[in-house]
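**Student:** Once you've had a glance at the structure underneath, I'll fire off some questions.
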Amino acid sequence: MITARIIEEFDRHLPGRVLRPSHADFDQVRRVYNGMIDRKPALIAQCHGTRDVVAAVRLARTHDIPIRSAEAAITSPGRLSSKTGS
């Protein structure tokens, strides 16, 4: 379970945004072009570069949080989607 303390730790260590389901942009950010995919993660770490990714993975490992990588790519209609298909 991701506690408020863990989310605060992500906030402190990542320069990028850390979105929770209560965040105003959460639903827009988590959506992908394929409407059949409707994932609802506990939080979204928007990494700006390699350092952010490394920090996010380390924090997830420290707290035994499962992660899913979703490298954003622009699809033909201009929407973000995951290159990994998840």
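**Student:** So the check is Cβ under 7 Å with 6+ separation or different chains; which pairs have a first residue in the range 6-28 that's in contact (Cβ under 8 Å) with a residue 24 or more places away in the chain and a second one that's of a type in the set (Asp, Glu) and outside any helix (DSSP H, G or I)?
**Tutor:** 19/25
**Student:** Looking at (1) more than 21 Å from residue 12 (Cα to Cα); (2) modelled with pLDDT of 85 or more, which is the one condition that is false for residue 72?
**Tutor:** (2)
**Student:** Can you name the residue in the range 50-69 that is in contact with a strand residue (DSSP E or B) (Cβ under 9 Å, 6 or more places away or on another chain) and surrounded by fewer than 14 Cβ atoms within 10 Å (Cβ to Cβ) and, of all such residues, is modelled with the lowest pLDDT? Full working, then the answer.
**Tutor:** Pass one, the range 50-69, residues in contact with a strand residue (DSSP E or B) (Cβ under 9 Å, 6 or more places away or on another chain): 52-53, 55-56, 59-60, 67-69.
Next, only the ones that are surrounded by fewer than 14 Cβ atoms within 10 Å (Cβ to Cβ) stay: 67-69.
Numbers: 67: 84, 68: 80, 69: 75.
Looking at the filtered set, the residue picked out is 69.
**Student:** Could you list, in sequence order, the residues of the range 40-56 that are not in a helix (DSSP H, G or I) and not β-branched (Val, Ile, Thr)?
**Tutor:** Going residue by residue through the range 40-56, those that are not in a helix (DSSP H, G or I) are 40-49.
Result: 40, 41, 42, 43, 45, 46, 47, 48, 49.
**Student:** Then there is this: Applying the selection to the range 1-32, what residues are basic (Lys, Arg) and surrounded by 11 or more Cβ atoms within 10 Å (Cβ to Cβ)?
**Tutor:** Taking the range 1-32 first, the residues basic (Lys, Arg) are 5, 12, 17, 20, 30-31.
Passing the criteria: 17, 20, 30, 31.
The values are calculated or read from the model by the stated rules, or taken from the named source; none is laboratory data. Since this is a predicted model, take the numbers as computed values, not measurements. Neighbour counts run over all protein chains shown; Cβ positions are idealised from the backbone, glycine included.
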